[in-house]
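A short worksheet on the structure shown next.
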């Protein structure tokens with residue numbers, strides 16, 4: 001009788017077109033529109049920051065994998081870690097920051113635990129957290145994006161920092177920001193066309209935030225381009241859609257109910273759209289948070305993971321000392337993943 | 001309609017060729033190397049000696065144990081030797097080598113149509129045994145064993161799976177398209193032999209047209225049946241998944257609890273049953289799909305048992321380029337072979353020559369806990385955890401308990417982006433447990 005154990009051990013003889021390398025390359029490609037926007041907006045400081053982060057990551061990866069007699073640069077994960085670190089940094093940060101952050105991510109968080117697949121915190125997010133803690137001043141190196149330099153009186157702080165400093169409770173109607181002409185144009189088109197028929201009106205300034213005409217970290221500012229890349233990797237099934245949906249959903253809901261700026265507000269009048277379009281929440285939700293090693297293995301777990309990150313991100317926005325703490329939210333939740341991982345497992 | 005969990009559409013439709021264009025009869029082998037069994041433990045007892053003359057369809061091996069089936073000569077001629085050959089798994093089995101010569105007693109003659117309805121169930125079972133008919137598919141075994149098992153319960157139900165499980169293979173679809181009449185008659189014969197109650201006919205959307213004819217034939221014979229169309233999703237053709245999807249018809253169309261113990265049969269087996277009982281013809285030929293990107297002219301051929309794989313591939317124009325891997329039976333569960341001189345046996349359904357691009361092989365890296373293996377496992381196992389156990393604690397009880405549910409579909413290994421040898425690890429571990437268990441006895 002043909003025993004199933006006598007099957008050819010080298011079966012199956014076909015594989016899915018997706019491989020580890022193709023998945024990583026897919027993530028890098030999905031980030032590239034945002035990368036180019038960062039170069040276009042901030043020029044050579046941004047290019048240098050990203051290059052420093054990536055090269056540092058590659059160098060340390062090569063060193064440590066050589067110690068293990070392996071050559072792991074091929075799998076592209078170090079490149080991706082460096083890229084995410086570079087994109088999470090302010091463009092004006094001095095070069096030692098990306099170098100140190102990448103070194104910490106690769107050497108301490110990844111290799112001291114055993115290399116790819118063994119890290120229990122997201123390496124890139126841990127590197128960013130280190131940068132925030134060790135060099136908070138350097139992490140304030142915001143620059144004004146190129147599209148906006150001609151506008152008078154524009155502060156180089158991020159929108160969150162500006163509003164917090166002014167004690168304002170909401171973005172629309174705060175009168176603090178100067179909008180670009182492109183923003184006025186597109187806001188007008190949308191209001192006349194789509195939103196007018198729905199009976200709502202988009203205040204000025206949001207299009208600037210959405211397209212990336214604001215100071216911020218290199219890769220986080222262009223929500224539009226991040227979403228474009230994200231839609232592609234979701235369609236190609238590179239990332240699991242439940243993670244970003246859970247993160248953004250919980251974050252937006254809490255921001256709407258309780259507000260996400262330190263100023264006091266009545267309930268259910270928070271500016272969720274502003275909260276989503278600023279800071280690194282969209283970037284974090286689709287890219288670092290979807291790192292498979294540090295996220296749960298099953299769908300129910302991933303949903304809980306996303307809800308936790310979204311909640312922590314909101315909490316850090318609302319009550320944190322720094323403007324926002326997405327990186328901390330991710331690494332804290334990473335530590336809880338072993339407990340979450342059992343969710344959804346069949347018993348017996 | 002599809003089975004409950006896991007599974008994946010691995011492009012089954014894409015790799016099936018339009019049937020009507022690519023069908024044919026293979027040339028008769030000048031030399032037939034007829035295996036006496038599939039494995040070392042189901043060999044029939046050889047009845048002939050070198051030098052003996054044999055007729056077409058003459059019995060040359062008698063089954064003297066449960067797992068074995070009678071073996072018949074596919075061609076008339078002279079026995080030149082009894083050879084030891086390696087089966088695709090690498091085990092030594094015996095084969096009777098017959099050199100073609102003399103006149104054919106069955107081929108070219110008018111096909112017989114024996115009035116079998118006057119036979120009793122016992123007579124039918126005897127004929128099926130005599131003619132060496134197998135129930136094919138994932139759990140191949142002699143058909144009489146299936147019938148005797150079925151007879152243990154009153155009015156047993158059968159699941160007739162018309163579907164092809166694996167990519168590239170279309171042997172069952174062709175059987176359905178070409179010989180619906182024979183399948184229906186075979187089913188009627190089986191029902192009499194097993195005193196069966198009813199059958200669930202499972203087919204895929206691409207077979208809808210062909211299965212209409214089958215259902216008409218079955219109805220006209222008064223056989224109680226329930227048709228069920230299922231999605232083309234691997235591994236729908238596996239026993240566990242067939243039962244699971246048939247169970248969804250309970251209790252509305254099928255009495256509750258029957259599908260758990262339903263007996264599974266396939267179209268090729270029923271054709272062999274019909275040929276044996278009504279046609280007085282033993283199991284000496286079957287449809288074999290020759291496919292894959294590395295085959296020049298993919299075809300489905302009617303092939304006599306004992307024909308060399310290399311010769312069959314020749315009939316399809318030979319290779320296109322250099323095949324990366326040649327697989328006997330489906331690419332997901334079949335055996336990779338390097339020796340093209342081995343013969344096809346009763347249970348082989350396909351020869352697939354895969355090109356490098358098709359295989360999508362890539363470097364093995366570490367597990368990144370992406371969870372894709374967990375998502376696709378049709379038996380709701382956790383391949384990632386089981387793999388760690390295989391590596392770190394192969395003796396664990398949890399591991400052997402879980403692996404006994406593993407149906408070796410290979411989807412975990414298929415989808416793993418890190419190309420971890422999941423299925424290989426599971427099978428080696430189970431083989432290790434089996435061997436240790438055998439030694440202890």
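Peptides A:240-246, B:215-221, B:93-99 ranked from most to least packed give B:93-99, A:240-246, B:215-221, packing being the mean of other C-beta atoms within 10 angstrom over each peptide's residues. Across q = 0.09 Å⁻¹, the protein assembly as shown modelled as identical point scatterers on its alpha-carbon atoms has Debye log10 I(q)/I(0) values of -0.89, in the order of the q list. Inter-chain Cβ neighbour count for B:145-156, averaged per residue, equals 0 (cutoff 10 Å, partner chain atoms only). Need one word for the range A:1-71: rounded, prolate or oblate. Basis is the Cα gyration tensor (sqrt eigenvalues a ≥ b ≥ c); a/c below 1.5 gives rounded, then a/b vs b/c decides. Since a/c reaches 1.5 but b/c is at least a/b, the shape of the range A:1-71 is classed as oblate. Beta bridges from DSSP with both residues in chain B: antiparallel share about 65 percent, rounded to the nearest 5.
The C-alpha atoms of the range A:195-348 occupy a region whose extents along the principal axes are 56, 36, 33 Å, arranged from largest to smallest. Looking only at A:272, A:327, A:78, which one moves most when chain A is put into a Gaussian network model with springs between Cα atoms under 10 Å? Per the Cα network of chain A with a 10 Å cutoff, A:272 tops the list. Divide the volume of the convex hull around the Cα atoms of the range B:307-441 by the residue count and you get 142 Å³ per residue. Counting neighbouring beta carbons within 10 Å and listing from fewest to most, the residues B:62, B:299 come out as B:62, B:299.
Taking every DSSP beta bridge that has both ends in the protein assembly as shown, the antiparallel portion is near 65%. In plain terms, if you count all Cα to Cα distances in the range B:242-397 and split them into 5 Å steps from zero, the share in each step is 2, 7, 12, 12, 11, 12, 14, 14, 10, 4, 1, 0 percent. Entry note: the range A:1-128 has Rg to Rh equal to 1.14, where both radii use alpha-carbon atoms and Rh is the Kirkwood radius. The Kirkwood radius of the range B:1-73, taken over pairs of alpha-carbon atoms, gives through the Stokes-Einstein law at 20 °C and 1.002 mPa s a diffusion coefficient of 130 µm² s⁻¹. Taking the square roots of 5 times each eigenvalue of the Cα gyration tensor of chain B, largest first, gives ellipsoid semi-axes of 33, 28, 22 Å. Relative to its residue count, the range A:237-289 spans a Cα convex hull of 68 Å³ per residue. Per residue of peptide B:374-382, the mean number of Cβ atoms on other chains within 10 Å of the residue Cβ is 2. Computed across the range B:318-392, the Kirkwood radius stands at 15.3 Å (inverse of mean 1/r, all Cα pairs). According to the Kirkwood relation over distinct C-alpha pairs, the hydrodynamic radius of the range A:276-348 is 12.6 Å. Stokes-Einstein, applied to the Kirkwood radius of the range B:170-263 over Cα pairs at a viscosity of 1.567 mPa s and 4 °C, places its translational diffusion at 93 µm² s⁻¹. Shape class of the range B:49-155 from the alpha-carbon gyration tensor: oblate, with a/c at 1.5 or above and b/c at least as large as a/b. Based on C-alpha pairs under 8 angstrom that are at least 6 apart in sequence, chain B has a relative contact order of 18 percent. Among B:157, A:120, A:314, the ranking by other beta carbons within 10 Å of each residue's beta carbon, starting with the fewest, stands as A:120, B:157, A:314. Compared with the dominant Cα axis of chain A, that is its longest principal axis, helix A:326-340 is turned about 40°. A Stokes-Einstein calculation at 20 °C with viscosity 1.002 mPa s, built on the Kirkwood radius of chain A over Cα pairs, returns a diffusion coefficient of 102 µm²/s.
For the residues of A:291-301, the average number of beta carbons from a partner chain within 10 Å of their own beta carbon is 4.
Across the range A:38-148, the relative contact order, built from alpha-carbon pairs under 8 Å that are at least six residues apart, equals 32 percent.
Over chain A, Cα pairs under 8 Å with separation of 6+ residues give a relative contact order of 17 percent. Classification of the range B:100-185 by its C-alpha gyration tensor yields an oblate form. The axis ratio a/c (a ≥ b ≥ c) is 1.5 or more, and b/c is at least a/b. Each label point was placed 7 Å from the Cα along the Cα-to-Cβ direction; for residue A:339 and residue B:152 their separation is 5.0 nm. Put in line by how crowded their Cβ is, counting other Cβ atoms within 10 Å and starting with the fewest, B:13, A:318 read B:13, A:318.
The modelled label-to-label distance between residue A:184 and residue B:52, using points 7 Å beyond Cα along the C-beta direction, is 10.2 nm.
Laboratory data are not the source of any read-out in this text; all were calculated from the coordinates shown. Please read these numbers as outputs of a predicted model, since none were measured by experiment. Cβ atoms come from the backbone with ideal geometry, glycine included; neighbour counts cover every protein chain shown.
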